[in-house]
Amino acid sequence: MITGKKIAFHTLGCKLNFSETSAISRQMEERGFTTVDFDGPSDVYVINTCSVTDHADTKCRNIVRKAMKKNPLAYVVVVGCYAQLKPKEIASIKGVDLVLGAAEKFKLPEIITDLTKNPCGQILASEISNADFFVDAYSAGDRTRSFLKIQDGCDYKCSFCTIPLARGKSRSDTPENVLKNAHQLAEKGIKEIVLTGVNTGDYGKGIEGEYDFFKLIKLLDEVEGIERFRISSIEPNLLTDEIIEFVARSKRFMPHFHIPLQSGSDKMLKLMQRRYKSEWYKSRVEKIKNEMPHACVGVDVIVGFPSESDEDFLDSYNFINALDVSYLHVFTYSERANTKAIDIDGVVPVHTRNERNAMFRSLSEKKRRHFYNRFLGEERKALFEQERKGTIMHGFTDNYIKVAVPYDPSMVNQILPVQLQNFDEAGNINCGLLSSGY
Ligand code: SF4
């Protein structure tokens, strides 16, 4: 057994990947490895990859090169969605020793028995489409908020998406184990948990008993020690009135919904094989705002999907512009192998995709400032993060407003009442503390 060696991790992609990297690093520490910073020298480098866009692929190659510069003799392991989808491509990258698929990544402690570099990457990546295993995970120690994995995989068939190919069918952790992990995080002093998965709202698939996302959040709302739960993202068709009403009256669930829309054009939604129309999405936003006018609503949107005409784009833009939402995450469509969208005629030129992306990013900035502006002068509670930027530290309010205060280490991981005052240069909100000697 290898002991006394250094290991470093780098994570690309989503909150789910961060929770899984954190879980794997804890497993390796139990095996006698010491986790060190990725920017420093290490004996082993582990890269947890994403494959949502082609940039993710390029990023992975650059990070392998970076690790090789730090220590040309280091043992390099690549895991995650890109590793599951294109193991041979990764194994051929100079410096890569081991490529692990979605089912094998959690077995790294058993698999890694020798750190001798391989002439080319060894691949262990089994078929995932019918996998029914669930490995739980949560992030802890490297952030103030913890990402808690409750669900994995997806049964949907969105025509642009490779995630079901990379992570398999929808499956869930048992409610007992989710509660056990939440209590463990409370004991570690974590104040905020972000419920994470691939299709989080589809929770309940693959476990015994009549469990669904609504039942789970009702159980979690009773977990002592955790002051805040946040739903990382939820599909519009799974966001029921009862979930919205529950969050509005709950003790611990934050008034913040991140809801992937992808397009405001019904023609595009049909081609994307999404499970709702724009009217339903609008009804979700209106329901949220009726129940919680102060709630934060985030939107995922894709630009440049095949056959998206100027008119379709404007339909999407005008639809979102008319919605009372708070910010956008904007993605530029990129061709992914083995997806239906790749066969749709009407490729949108890259420069047009970039122009449309830029338009949505400025719309997002307009929405965000308009949302923040509404709360200036108001009192809200903010959870302060450990990260320090010069003399400033940041926190997030219940409705996900990023606030800034002068750095004070004793405020890290504290939920404190603040008064929102004005915008700082970075567009965050300067705030004053409303309680002293806490
Ligand atoms: S819901 Fe659609 S976009 Fe999201 S992971 Fe599933 S297939 Fe992909």
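The values are calculated or read from the model by the stated rules, or taken from the named source; none is laboratory data. Worth saying up front: this structure is predicted, and the values here are computed from it rather than measured. Cβ: placed from backbone, ideal geometry, glycine included. Neighbour counts: every protein chain shown. Quick note on the areas: whole protein, heavy atoms, side chains included, nothing else; ligands and nucleic acids left out. Shrake-Rupley method; radii C 1.70, N 1.55, O 1.52, S 1.80 Å.
Just a yes or no: is a residue in region 240-249 closer than 17 Å to Tyr281 by Cα and either within 16 Å of the ligand (Cβ to nearest atom) or not assigned by TED's automatic domain parsing to the domain that holds Phe147 (or both)? No; the residues of region 240-249 include none that is closer than 17 Å to Tyr281 by Cα and either within 16 Å of the ligand (Cβ to nearest atom) or not assigned by TED's automatic domain parsing to the domain that holds Phe147 (or both). Across region 150-172, which residue is nearest to Ser19 (Cα to Cα) among those that are within 11 Å of the ligand (Cβ to nearest atom) and among the hydroxyl-bearing types (Ser, Thr, Tyr)? Among those that are within 11 Å of the ligand (Cβ to nearest atom) and among the hydroxyl-bearing types (Ser, Thr, Tyr), it is Ser170.
Against the numbered list (1) open to solvent by 90 Å² or more (accessible area, probe 1.4 Å); (2) assigned to a helix (DSSP H, G or I); (3) touching a helix residue (DSSP H, G or I) at 6+ places or on another chain (Cβ under 7 Å), Asn338 comes up short only at (2).
I'd like the full set of residues that are assigned to a loop (DSSP other than H, G, I, E, B), closer than 17 Å to Leu239 by Cβ, open to solvent by 10 Å² or more (accessible area, probe 1.4 Å) and within 16 Å of the ligand (Cβ to nearest atom), limited to region 195-222. Within region 195-222, Gly197, Val198, Gly204, Lys205 qualify. Annotation: Pro175 fulfils all but one of (1) over 26 Å from Gln414 (Cβ atoms); (2) of a type outside the set (Asp, Glu); (3) open to solvent by less than 10 Å² (accessible area, probe 1.4 Å); (4) within 16 Å of the ligand (Cβ to nearest atom); the unmet one is (4). The single condition among (1) hydrophobic (A, V, I, L, M, F, W, C); (2) open to solvent by less than 40 Å² (accessible area, probe 1.4 Å); (3) in contact with a helix residue (DSSP H, G or I) (Cβ under 8 Å, 6 or more places away or on another chain) that Ile190 does not satisfy is (3). Screening Asp136, Asp132 for residues that are touching a residue at least 60 places away in the same chain (Cβ under 8 Å), acidic (Asp, Glu) and touching a helix residue (DSSP H, G or I) at 6+ places or on another chain (Cβ under 9 Å) leaves exactly one candidate, Asp136. The set of residues in region 1-49 that are of a type in the set (Ser, Thr, Tyr), more than 16 Å from Lys107 (Cβ to Cβ) and open to solvent by less than 30 Å² (accessible area, probe 1.4 Å) comprises Thr11, Ser19, Ser22, Ser42, Tyr45, Thr49.
Please go through region 362-387 and pick out each residue that is over 14 Å from Ala295 (Cα atoms) and out of contact with any strand residue (DSSP E or B) (no Cβ under 9 Å at 6 or more places or on another chain). Once the filter is applied, which keeps residues that are over 14 Å from Ala295 (Cα atoms) and out of contact with any strand residue (DSSP E or B) (no Cβ under 9 Å at 6 or more places or on another chain), region 362-387 yields Ser362, Lys366. Against the conditions (1) away from the ligand (no atom under 16 Å from the Cβ); (2) modelled with pLDDT under 95, Phe147 satisfies every one except (2). Checked against the criterion of being part of a loop (DSSP other than H, G, I, E, B), over 20 Å from Ser139 (Cα atoms), open to solvent by 30 Å² or more (accessible area, probe 1.4 Å) and without any contact (Cβ under 8 Å) to a residue 24 or more places away in the chain, region 233-244 has no qualifying residue.
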